[in-house]
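To start, the structure under review is shown below, and the notes come after it.
FYI, it's all coordinate maths here, none of it is from the lab. Note that the structure is predicted; figures quoted are calculated from it, not measured. Using ideal geometry, Cβ is built from the backbone for each residue, glycine included, and neighbour counts are taken over all protein chains shown.
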Amino acid sequence: MINLKRLYLSCKSKSLLQTWVMACSAQEIANLLSALRGSDKDNGKDKDAKNITKMIRHLVGITFNKKSKYSSNIVIPRHLVITKLVSEFKDNKHWVEHILYASTVIGNRHPNPYTRSYWNKLHGEVRGKVKKLSQKNHPIKINEKVKEL
């Protein structure tokens, strides 16, 4: 006969998240989990967006099935990820923001220094390029600001 209490306790102690994630705050975990869903653009058929999401899933979750296509331990060159995120910002801002929130957590909390560096640099470069794009699309006109004062 199955001891339900023992079964419950054994399941309760196991997590689908890596141990470093479990040490994060609730807000940080929420930021990481929101990035695991992936992009809604093109009904999820965008291969580059899928690969970025898979890379984050590999860093955050525990892969039980090594043949799974849910996550990937392949590290995409940072410049390619940056190019993709910046190009998607206008049409797919929601997904890009989730990736950037997750990159902040990974860049600050992941135990591997190389991984932290990768995601910190990625976050900084994407934010900088997106800010420049926003300024180009919505330039502040000094004359209009002076009239408002």
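Taking 7 Å steps out from each Cα toward its Cβ at R78 and T115 produces label points 1.6 nm apart.
What does the charge count around S34 come to, taking other residues whose C-beta lies under 14 Å from its C-beta (Lys +1, Arg +1, Asp -1, Glu -1)? Could you put the intermediate results ahead of the total?
Numbers: positive: R37, R57, K93; negative: E28, D40, E97.
Neighbourhood net charge equals 0.
Relative to the compact-globule scaling 2.2 N^0.38 Å, provide the ratio for the alpha-carbon radius of gyration of segment 78-126. List each step's numbers first, then the result.
Values: Rg = 10.6 Å, N = 49, 2.2 N^0.38 = 9.7 Å.
My calculation over the Cα atoms of segment 78-126 gives 1.10.
Going down the list K90/K132; K41/K84; K41/K131; K84/K121, which pairs span over 18 Å between their C-alpha atoms? If you can, show how the numbers build up before the last one.
Working: K90/K132 13 Å; K41/K84 13 Å; K41/K131 22 Å; K84/K121 15 Å.
Listed pairs above 18 Å: K41/K131.
Here's the picture: a label point sits 7 Å out from the Cα of R37 along the beta-carbon direction, and within segment 16-30 the residues with their amide nitrogen under 20 Å of it are 16-17, 26-30.
Give me the one-decimal Kirkwood hydrodynamic radius in Å for segment 15-148, with the sum taken over alpha-carbon pairs. List each step's numbers first, then the result.
Numbers: mean 1/r = 0.0629 Å⁻¹.
Averaging 1/r across every pair of different Cα atoms and inverting gives 15.9 Å.
Among K132, K54, K41, which comes first, then next, by fewest other beta-carbon atoms within 10 Å? Present the calculation step by step, with values, prior to reporting the outcome.
On the way: K132 11, K54 20, K41 14.
By the 10 Å Cβ count, ascending: K132, K41, K54.
In this label model, N108 and D91 are separated by 3.3 nm, measuring between points 7 Å along each Cα→Cβ vector. Positive end of the dipole of segment 15-148 (Cβ unit charges, origin at the Cα centre): among N92, Q27, L122, the Cα lying farthest that way belongs to L122. Once the Cα-Cα distance is subtracted from the 0.36 nm per residue extended length, the I29 to E125 segment shows a gain of 32.3 nm.
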